[in-house]
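First the structure, in the form of structure tokens, and then the observations on it.
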């Protein structure tokens, strides 16, 4: 199983598919299936039958999961899509860093 390199709250850019080039914030990460849900990206329509909560029923739009290999993390400093490197600091803590500008990612 591959490791998911993005966390909830990260800013990412989609690199393939119908939403290629769009940027968004990660809402949820599913490490077991290597998928992520991004705010406003990969929006699909779902038909729902009437319930007590939604008596009208109808068609709702919601974000569907994308595979984590189709997104790249955006660096806060250089504002470019980048791969993630892992770095060990002097105090022994491990952090994520940008491969391009070596900036520590939040």
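The values are calculated or read from the model by the stated rules, or taken from the named source; none is laboratory data. Here the structure is a predicted model, which means the values were calculated and not measured. So basically every Cβ, Gly included, is an ideal-geometry build from the backbone, and we count neighbours across all protein chains shown.
Annotation note: of 11, 60, the sole residue that is closer than 20 Å to residue 83 by Cα and in contact (Cβ under 8 Å) with a residue 12 or more places away in the chain is 11.
All conditions in (1) part of a strand (DSSP E or B); (2) under 13 Å from residue 12 (Cα atoms); (3) free of Cβ contacts under 8 Å to residues at least 60 places away in the same chain hold for residue 73, with the sole exception of (3).
Here's the yes/no breakdown for (1) in the same structural domain as residue 11 (by TED's automatic domain parsing); (2) touching a strand residue (DSSP E or B) at 6+ places or on another chain (Cβ under 9 Å); (3) assigned to a strand (DSSP E or B):
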| position | (1), (2), (3) |
| --- | --- |
| 32 | yes, no, no |
| 40 | yes, yes, no |
| 91 | no, no, no |
| 97 | no, yes, yes |
| 102 | no, yes, no |
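Exactly one residue among 55, 50 is assigned to a loop (DSSP other than H, G, I, E, B), at pLDDT 90 or above and surrounded by 10 or more Cβ atoms within 10 Å (Cβ to Cβ), and that residue is 50.
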